[in-house]
Amino acid sequence: MSRDEMRKIQSIRLKQTVERVYHNSTFYRKKMQELGITPNDIESIDDIGKLPFTTKQDLRDNYPFGLMSSPMSEIVRLHASSGTTGKPVVVGYTRSDLAVWAEVVARCLTAYGVTKNDRIQVSYGYGLFTGGLGAHMGVENIGGTVIPMSSGNTQKQIQLMHDFGANGLACTPSYAMYLAETIHASGIPLEEFQLRIGAFGAEPWSENMRKELEEKLHIKAYDIYGLTEICGPGVGGECECQNGTHLWEDHFFPEIVDPVTLQPVAPGEEGELVFTTLTKEGMPMIRYRTRDLTHLIYDKCECGRTAVRMGRIMGRSDDMLIIRGVNVFPSQIESVILEMPEFEPHYLIIVDRKNNTDTFEVQVEVRQEFYSDEINRMMELKKKIGHRLQSVLGISADIKLVEPRSIERSQGKAKRVIDNRKI
Ligand code: ADP
Ligand code: ZN
């Protein structure tokens, strides 16, 4: 679809969405009235900047159902965000919202090369978290066979993956890593597995993590992106080019704004991703601030899809640690650790404050074959990673080398940071 055609569809749908929220949601009507605008002021997608932003705090302040734009009798499903950064937020879906969600996840799976002949093991958690049921509906929508494992019970996961001949695995990248380790430890030869495709998301992951997962599991690993507030997983997904995540912008209109001034950034520049839903009924979102930091790529993708692409997410603005005045993203640390063959892809960042100075410890697991009782060898290793981290981050970290398998494994979203500072 050409840009012009896309903008036309987006314009029509934006106007419908604005009408809907203005007339059905006290929350949005009030916000628009405060800015002195009515639906008549929105003539096309170019007017999006006139609309107010919506934040996670708005959802929390109106907990649980304050932002619904459909009567509860039309709502057929509730979900809640995983609450990584505080009190969960609740979202509601109409029947049509679920159909759109199943459609966008199906688009992602199709882009990965999944067909009705594939069996996909869904190892995202089922329940209020959107990961499990979202991926589930997508697989069913393209007629594939879904294996609804949910997360946890890792031994059984690999047994059934093996016995059922799963071709695809959908879970967080950190859980995929744990499953890969468990497969290797099980002694079942990798050749006996049919795994070909990974659909990984729900947390930031680096390009090095992708390489590692592809090598360890003999698969192609693809990104799937989404957030509860917009629908769940499937807001975007990578294609076979693995060169940016296509966002399904006929349903979710993306903008990138400067997180401080809230003004749009220059095309291609990094900033905060903001979404306006264009077809949602239950709980449309107007200019929802995701706090995810990325950039958009409007050049045509080699796969032929014209949907805009988004660069890898560095992390959320609220994942960013400020340590001794320096901005640090856990994903930068992950990238360094995975560059070095001596380390396992498992780490923990512990930040504290002593004598008015931030302390910054990075625990990292040494691979079995590099682990040694010889102090000198371990000191060398510590120096090596210490230097590399210092040059990437611009501050020094206390490195603590730990034994293989000593850092707790995650079955959902990994928790990589313990910040004990009381600020
Ligand atoms: P919570 O905000 O409580 O974690 P969600 O489960 O809705 O709830 O998480 C959505 C968030 O997860 C996104 O805003 C983003 O920060 C992160 N996320 C989801 N998919 C990806 C991905 N593919 N890459 C990086 N981050 C992702
Ligand atoms: Zn593409």
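The values are calculated or read from the model by the stated rules, or taken from the named source; none is laboratory data. Model, not experiment: these values are computed from the prediction. Neighbour counts are summed over all protein chains in view; Cβ atoms, including those assigned to glycine, are modelled from backbone coordinates with ideal geometry. Protein only, heavy atoms only, side chains kept; ligands, DNA and RNA dropped before computing areas. Shrake-Rupley method; radii C 1.70, N 1.55, O 1.52, S 1.80 Å.
Please tell me the relative contact order of the chain in percent, rounded to the nearest whole number, where contacts are Cα pairs under 8 Å and at least six residues apart.
In percent, rounded to a whole number, it is 14.
Could you work out what % of the accessible surface of the chain is carbon and sulfur, using a 1.4 angstrom probe and leaving DNA, RNA and ligands out of the count?
The nonpolar share, carbon plus sulfur, comes to 49 percent.
Convert 10 °C to kelvin, take the viscosity as 1.306 mPa s, use the Kirkwood radius over C-alpha pairs of region 87-159 as Rh, and evaluate the Stokes-Einstein diffusion coefficient in µm²/s, rounded to a whole number.
It comes out at roughly 123 µm²/s.
Using the Cα gyration tensor of region 287-344, with a ≥ b ≥ c the square roots of its eigenvalues, what is the shape: rounded (a/c below 1.5), prolate (a/b larger than b/c) or oblate (neither)?
Cα axes put region 287-344 in the oblate bin.
What lysines sit close enough to LYS220 to cross-link, taking a C-alpha to C-alpha distance under 26 Å and skipping anything fewer than 8 places away on the same chain?
LYS116, LYS156, LYS211, LYS300, LYS413, LYS415
Please work out the Kirkwood hydrodynamic radius for the chain, using every pair of different C-alpha atoms, and report it in angstroms with one decimal place.
Value: 22.7 Å, from the Cα pair sum.
Using unit Cβ charges (K, R positive; D, E negative) and no other charged atoms, how large, in debye to the nearest 20, is the dipole of region 153-216 about its Cα centre?
Dipole size: approximately 120 debye.
How many percent of DSSP beta bridges within the chain run antiparallel, rounded to 5?
Percent antiparallel among DSSP bridges in the chain is about 60.
Among GLY232, SER81, PRO330, which residue has its Cα furthest toward the positive end of the charge dipole of the chain, with +1 on Lys/Arg Cβ and -1 on Asp/Glu Cβ?
The residue sitting farthest along the positive end of the dipole is SER81.
Quick one: pull the percentage of alpha-carbon pairs in region 1-124 with a separation above 26 Å.
39
Around GLY49, under 12 Å between beta carbons, what's the net of Lys plus Arg minus Asp minus Glu among the other residues?
Local charge sum for GLY49: -2.
Between CYS239, CYS301, CYS231, where does the largest GNM mean-square fluctuation fall for the chain, given springs only between Cα atoms within less than 10 Å?
Of the options given, CYS301 has the highest mean-square fluctuation.
Rolling a 1.4 angstrom probe over the protein chains, ignoring ligands and nucleic acids, what is the accessible area of SER317 in square angstrom, nearest 10?
Here the accessible area works out near 40 Å².
For the chain, with a Gaussian network of springs between Cα atoms less than 10 Å apart, report the residue from LYS383, LYS87, LYS15 with the top mean-square fluctuation.
Maximum fluctuation in the GNM of the chain, among the listed residues, is at LYS383.
So what's the gap between the Cα centers of region 371-423 and region 136-185, to the nearest angstrom?
Value for the Cα centre distance between the two parts: 29 Å.
Just from its helices, what would the mean residue ellipticity at 222 nm be for the chain, if runs of 4 or more DSSP H residues each count -39500 (n - 2.57) and the sum is divided by every residue, rounded to the nearest 500 deg cm²/dmol?
Helices in the chain give a 222 nm mean residue ellipticity of -10000 deg cm²/dmol.
In debye, nearest 20, what is the charge dipole magnitude of the chain about its Cα centre with +1 on Lys and Arg Cβ and -1 on Asp and Glu Cβ, if you could check?
That gives a dipole near 840 debye.
With a ≥ b ≥ c the root eigenvalues of the C-alpha gyration tensor of region 254-312, is it rounded (a/c under 1.5), prolate (a/b larger than b/c) or oblate?
Oblate, since a/c reaches 1.5 and b/c is not below a/b.
Compare the peptides 158-171, 330-343, 178-191 by average per-residue count of other Cβ atoms within 10 angstrom and give them in order, highest first.
158-171, 330-343, 178-191
Is there a quick way to get the dipole size of region 26-177? I mean about its Cα centre, with the Cβ of Lys and Arg at +1 and of Asp and Glu at -1; what is the value in debye to the nearest 20?
It comes to approximately 420 debye.
How many angstrom separate the Cα center of region 222-265 from the Cα center of region 293-314?
9
Please state the shape class of region 127-215: rounded when a/c is under 1.5, otherwise prolate if a/b exceeds b/c and oblate if not, all from the C-alpha gyration tensor.
Verdict is oblate for region 127-215.
Which one, PRO148, PRO204, PRO233, has the greatest fluctuation when you compute a Gaussian network model over the chain with C-alpha springs under 10 angstrom?
With Cα springs under 10 Å in the chain, the top fluctuation among PRO148, PRO204, PRO233 is at PRO148.
Report the net charge of residues surrounding SER406, where surrounding means a beta-carbon distance below 14 angstrom and charges are Lys +1, Arg +1, Asp -1, Glu -1.
Within the 14 Å Cβ shell, the charges total -1.
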